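All remarks here apply to the structure that follows.
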Amino acid sequence: MNNFRFTANRSSTAALREKLSQPGLTTGIGIYDAFSALMVESAGAELLFLGGFGATASLMGLPDLSLISAREMTDAIRRITNVVRIPLIADGDTGFGGPANVMQTVQQYESAGAAGILLEDQVFPKRCGHFQDKAVIPATEMLEKLHIANKAKQNPDFLIIARTDALAVESFEDVCRRVRQYADTGVDMIFVEALETEEQIRALPHEVDAHLMINMLWGGRTPILSGPELEKLGYKLMAIPIATLLAVGGALKNLMSDIQRNGKITETADQLISFDEIKQTLKLDAILQSIRHDTP
């Protein structure tokens with residue numbers, strides 16, 4: 001049944017790099033497990049993001065407070081890339097420790113099929129970028145991590161995205177100076193987490209000569225702009241983090257209210273996908289056909 005292993009490989013990673021080298025904005029959808037990845041892929045997503053928030057919520061039912069390990073994240077990446085064809089960028093948090101941990105994390109994520117990794121400059125243990133009371137390491141320490149990350153990757157197309165959470169504790173001007181240093185290490189993209197005003201969103205592309213990623217977290221600290229607006233401003237990559245987690249959470253609440261009111265699924269029936277669609281998404285018929293062919 002090897003024909004059902006669609007691990008993100010050098011070709012898909014190269015395709016993502018090629019797309020990012022062309023004009024325009026690429027949008028990545030935040031997923032939390034293999035099924036959510038399959039569903040958004042089947043609906044037309046071009047890129048997936050696996051964040052620590054979604055993975056921790058899915059695997060543990062807990063918040064994003066450095067409670068998930070590098071091994072658990074790597075396993076989650078592998079489960080997803082085993083069944084999707086489109087590229088996946090995964091959250092590497094702080095690299096799960098010091099420089100040696102960064103090297104290992106980059107190599108493990110790449111081996112698991114990720115097309116890229118996000119590495120941030122929070123103090124370990126870190127917390128979600130839109131939570132309070134964050135702290136960051138000195139820029140010099142982060143620069144060492146980024147240099148090591150660049151050297152650690154085996155596939156030259158594998159993306160290293162440098163994230164800073166320094167806006168929580170530094171001025172916007174200081175943050176810009178910090179990420180200009182990060183960009184000078186040769187990383188592929190810069191991401192300033194939790195921009196707080198539209199003015200900051202508009203100013204950042206004029207301050208940093210690098211490809212820029214931005215988060216559009218519904219309900220988070222950053223004002224929500226549309227893809228076309230962000231593209232016009234010069235952003236290269238827009239992530240919509242935990243989008244599927246928010247959608248599924250709302251749908252499940254509505255479903256339970258429906259069942260409690262009516263004793264069965266009634267009001268929310270038209271919001272559900274069919275059982276046949278689930279089977280199709282999970283490639284049931286193709287797998288059964290392969291089993292029949294493999295049977296002596």
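Every number in this text was worked out from the coordinates using simple rules, so none of it is lab data. In this text, all values refer to a predicted model and were calculated from it rather than measured experimentally. With ideal geometry, Cβ positions are generated from the backbone for all residues, glycine too; neighbour counts draw on all protein chains shown.
Between ASN262 and LEU67, the distance separating the two model label sites (each 7 Å from Cα on the Cα→Cβ line) works out to 3.4 nm.
Taking 1 over the mean of 1/r across every pair of different Cα atoms in the chain, what Kirkwood radius in Å do you get?
20.0
Only helices enter this figure: runs of n ≥ 4 DSSP H residues, each worth -39500 (n - 2.57), summed and divided by the residues of the chain, yield -14000 deg cm²/dmol at 222 nm to the nearest 500.
In percent, rounded to a whole number, the relative contact order of the range 73-181 is 27, using alpha-carbon pairs under 8 Å and six or more apart.
Fewest-first ordering of THR74, THR266 by other beta carbons within 10 Å of each residue's beta carbon gives THR266, THR74. Could you tell me which of the pairs LYS153/LYS232; LYS253/LYS283; LYS19/LYS253; LYS253/LYS279; LYS236/LYS279; LYS153/LYS236 are separated by over 30 angstrom between their Cα atoms in the structure shown? Check vs 30 Å cut-off fails for LYS153/LYS232; LYS19/LYS253; LYS236/LYS279. Restricting the calculation to Cα atoms, every distinct pair contributes to the Kirkwood radius of the range 169-296, found to be 18.8 Å. Ordered by the number of other Cβ atoms lying within 10 Å of each residue's own Cβ, fewest first, ASP188, ASP93 fall into the sequence ASP188, ASP93.
The value obtained for the range 22-179, namely the Cα convex hull volume divided by the number of residues, is 120 Å³ per residue.
Listed by chain and number, the lysines whose C-alpha is less than 25 Å from the C-alpha of LYS134, apart from same-chain residues fewer than 8 away, are LYS126, LYS145. Computed over the chain, relative contact order equals 19 percent, with contacts defined as Cα pairs under 8 Å that lie 6+ residues apart.
Nearest 10 degrees, 0 to 90: what angle lies between the long axis of helix 139-152 and the longest principal axis of the chain (Cα atoms)? Its long axis makes an angle of about 50 degrees. Taking the fewest neighbouring Cβ atoms within 10 Å as the starting point, the ordered list for LEU65, LEU195 is LEU65, LEU195.
With the cut-off at under 14 Å, measuring from each backbone N in the range 191-208 to a point 7 Å along the Cα-to-Cβ line of GLU173 picks out no residue.
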